[in-house]
């Protein structure tokens, strides 16, 4: 690619502010980054341009919504899984933004909360199934005839 100011010269990089290709002569280093003359004139290197990644915010909100919903028969697992996914995507986008986006802390908080809530549901479901299995085993060993009656009742329910 060629420099946008000097089309006959090979570009050595891009302007951090606007993304245009610039040659070594046009590059103006400010705070360790190369900018074009137009961006330096407009004050772009000195503006606060860090924005919060919207997926980081969504991850945190989904994780916080999942906490009370976990006690509603585990309905919050859908929100916690969504929090994990959006947290991972947000962290990747923040890393790739080159410092133009923030919110890594919110993404991590949403990610960790989502993982913890998912773990709670998995452990709770495992405990429930273990309790159900133990109840069936105890019912069968105490009176096998009542076990067949219980199975008949379960077939009726299903």
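Per-residue extension of 0.36 nm, minus the Cα-Cα distance of residue 73 and residue 61, leaves a gain of 2.3 nm for this segment. Let me know the shape class of the stretch 1-49, please: from the alpha-carbon gyration tensor, a ≥ b ≥ c as square roots of the eigenvalues, rounded when a/c is under 1.5, otherwise prolate if a/b is greater than b/c, or oblate. In terms of gyration-tensor shape, prolate. Against the set (1) 15.9, 48; (2) 21.9, 76; (3) 28.8, 94, the structure's computed Rg and Dmax of the Cα atoms in Å falls on (3). Spin-label model, residue 18/residue 112: points 7 Å from Cα along the beta carbon direction are separated by 4.3 nm. Structure remark: mean-square fluctuation, Gaussian network model of the chain, C-alpha springs under 10 Å; the largest value among 128, 73, 140 belongs to 140.
Extension gain for residue 50 to residue 6 (0.36 nm times residue separation, less C-alpha to C-alpha distance): 12.8 nm. By DSSP, what percent of the beta bridges with both residues in the chain are antiparallel, rounded to the nearest 5? Roughly 75 percent of the beta bridges in the chain run antiparallel, per DSSP.
At a Förster distance of 25 Å, what's the computed FRET efficiency of residue 88 paired with residue 31, Cβ-Cβ distance as r, to 0.05?
0.25
When you restrict to C-alpha pairs under 8 Å that are six or more residues apart and normalise by the size of the chain, the relative contact order lands at 16 percent.
Quick note: the coordinates plus some simple rules give every number you see, no bench work behind them. These figures come from a predicted structure and were not determined experimentally. Virtual Cβ from ideal backbone geometry, glycine too; neighbours counted across all protein chains shown.
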